[in-house]
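Read the structure below first, then the notes.
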């Protein structure tokens with residue numbers, strides 16, 4: 001052990017980083033020297049930087065300690081690599097899918113004919129087909145797992161709840177219409193944000209359809225819009241508009257020349273991402289750094305084909321004190337051949353990792369069709385076909401290392417809508433949020449669900465069951481204690497009643513039910529017991545006197561008998577000299593029986609006389 005402790009702390013930490021977390025904690029508790037090394041977060045930060053080539057990143061653990069981040073990230077990647085896989089197929093009724101969303105356990109697919117298919121993963125079949133547009137169609141659509149919203153060419157906005165109870169209910173019409181065609185729309189948790197071709201923006205309540213706010217941003221088409229609570233970001237051809245409703249509807253603008261082919265908003269980090277086919281721009285709307293921008297440009301021979309941003313359940317605020325300063329990932333596909341990841345919350349927009357995926361079943365020079373990203377991995381989709389199994393895979397988001405193929409061969413019978421024999425693109429791929437190891441991919445008219453490790457539903461079920469068992473056990477223990485207390489009280493009452501009834505029966509007094517009567521009865525009982533004990537002593541003395549009297553009587557009787565025998569012998573003594581011969585032997589036995597009878601009668605008589 002001394003030799004190990006003599007090693008440099010940097011090397012000790014590297015060795016300890018391969019241990020299990022529980023073993024690491026055990027070592028920290030038992031060895032004070034190693035405890036100091038284990039709690040040195042700068043050492044762990046250096047180990048993390050060496051292994052993942054990053055010190056600013058999107059955190060997996062949401063912890064302030066680099067040691068915790070390192071172990072949890074390693075655990076997530078280990079599950080992706082080695083955990084048991086599960087796949088399910090969800091057939092769709094059409095190949096004309098415009099958007100697919102994964103809101104576990106639901107898969108939502110919007111089709112160009114104006115319908116929303118909602119499928120439940122564990123059932124692996126389309127459950128509900130909901131019309132979410134009017135017969136005239138829609139010009140813009142947005143949806144999440146709870147609601148969808150769409151705008152029309154005539155300026156109307158409709159909100160359609162997607163819950164099972166609302167399947168057959170009609171859509172809610174927003175109380176006011178836009179004057180021109182609705183060009184952009186976004187569904188938030190509380191509001192629906194819509195914009196039109198004349199620069200007008202409306203914020204409507206998602207439950208009632210009442211318009212809460214109106215904003216006139218300009219006179220040209222609003223192409224993109226997103227909102228979160230009281231903040232709205234809208235984009236037209238040359239300006240970005242930031243609306244802060246909590247600041248009395250103040251409107252701030254930022255000029256841009258980036259176009260709007262790709263548009264994402266990080267509300268927690270207060271950063272806007274705009275990109276065209278050649279350049280990526282980030283704009284800050286943080287009050288401290290408002291208007292500051294950063295740019296990344298590709299080579300003139302390359303184009304940007306896909307751009308996606310990491311999605312999180314919580315977008316409230318950025319926590320810069322956690323390990324990695326709470327970064328946020330954006331993944332970009334360049335010319336369908338290579339992938340670059342960025343942390344858009346850094347002041348300078350520079351690549352975090354860069355790699356070129358390879359798919360053994362796809363002999364094409366530009367194999368990438370779709371992409372998604374979270375804080376741990378990048379999911380890449382390619383082309384599928386007859387006999388293809390390797391057409392989607394995950395890579396480490398920080399260093400670009402290949403982790404695992406996630407796709408599985410799809411049988412011909414499921415690909416029913418006019419596919420070619422080879423090279424069917426994987427148009428959509430989606431990862432689970434919060435680093436859950438599951439996702440979906442869409443091939444033609446089939447959605448394939450995959451997971452590695454335990455089912456998220458099973459995790460939630462076990463957690464809920466554990467909590468329920470705890471609650472039930474606690475309630476059961478309380479209930480048992482209550483029952484036991486009541487049983488004890490009932491048994492005590494029954495015992496007291498039994499004692500009272502025994503006393504009443506014993507003393508033949510039906511009125512002996514109060515305390516004084518019971519005390520009197522107990523005193524009488526004690527007195528009688530004392531009398532019985534005293535009589536027992538007297539009986540012993542009487543028995544002794546009786547024995548003495550019997551002995552004296554026996555002696556007197558024997559003495560008289562001897563005298564009589566001698567007199568009788570002398571009177572009958574023969575005169576001749578012959579031997580003495582006993583006479584009347586049978587009479588002696590009779591006399592002995594008579595003596596015994598006499599003794600018994602005498603004893604009985606004396607005993608009766610003494611007791612009477």
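Most tightly packed first, judged by the mean number of other beta-carbon atoms within 10 Å of their residues, the peptides 292-302, 222-232 read 222-232, 292-302.
One equal scatterer on each Cα of region 187-279, no solvent, Debye formula: the resulting log10 I(q)/I(0) at q = 0.17 Å⁻¹ is -0.70. Put in line by how crowded their Cβ is, counting other Cβ atoms within 10 Å and starting with the fewest, 16, 364 read 364, 16. If R0 is taken as 35 Å, the Cβ-Cβ distance between residue 5 and residue 313 corresponds to a FRET efficiency of 0.20. Among 236, 286, a tally of other beta-carbon atoms within 10 Å of each Cβ gives an order, fewest to most, of 286, 236. Each of 427, 277 has some number of other Cβ atoms within 10 Å of its Cβ, and from fewest to most they run 277, 427.
Size check on region 1-82: the Cα extents along the three principal axes, sorted descending, read 37, 24, 20 Å. Each label was represented as a point 7 Å from its Cα along the Cα-to-Cβ direction; for residue 244 and residue 401 these points are 4.4 nm apart. Dividing the convex hull volume of the alpha-carbon atoms in region 44-170 by its residue count gives 176 Å³ per residue.
Taken together, the values in this text are just the output of simple stated rules run on the coordinates, not laboratory data. Quick caveat, the model's predicted, so the values are computed rather than measured. Note that each Cβ is placed from the backbone with ideal geometry, even for glycine, and that neighbours are counted across all protein chains shown.
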